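Heads up, the thing below is written out as structure tokens.
Where a number appears in this text, it was derived from the coordinates with a stated rule and is not lab data. Since the model is a prediction, treat every value here as computed from it, not as a measurement. In this analysis, Cβ positions are derived from the backbone assuming ideal geometry, glycine residues included, and neighbour counts consider all displayed protein chains.
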């Protein structure tokens, strides 16, 4: 199944929709849990500019450009990891920033 590109943007809350070109911040994201119980974040950090919204079944991904280049951010739906200790937690869009 190939992802489809959403043209209507991504709804963050009932009143906020981010469109391609909008800047936003994220929280959460995937992390690795060691055997000692320590969490090591594997997430992209900082401010991003939305390029595209992809939908693949129940999963939603945001293609965004940040300080370290482009990143694909998983924001909705469940994923499973074949790697023990890797928790593929989705990102949360915390706020839209003024452009």
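Can you give me the distance in nm between label points at residue 55 and residue 70, each placed 7 Å from the Cα along the Cα-to-Cβ direction?
If labels sit at residue 55 and residue 70, their model points lie 2.2 nm apart.
Label points 7 Å out from Cα along the Cβ direction at residue 6 and residue 83: separation in nm?
Spacing of the two 7 Å Cα→Cβ label points: 2.6 nm.
Compute for the range 4-97: radius of gyration divided by Kirkwood radius, i.e. Rg/Rh, restricted to C-alpha atoms, rounded to two decimals.
0.99
Which length gain, in nm to one decimal place, applies between residue 33 and residue 97 when the Cα-Cα distance is subtracted from 0.36 nm times their residue separation?
Fully extending the segment from residue 33 to residue 97 adds 19.9 nm.
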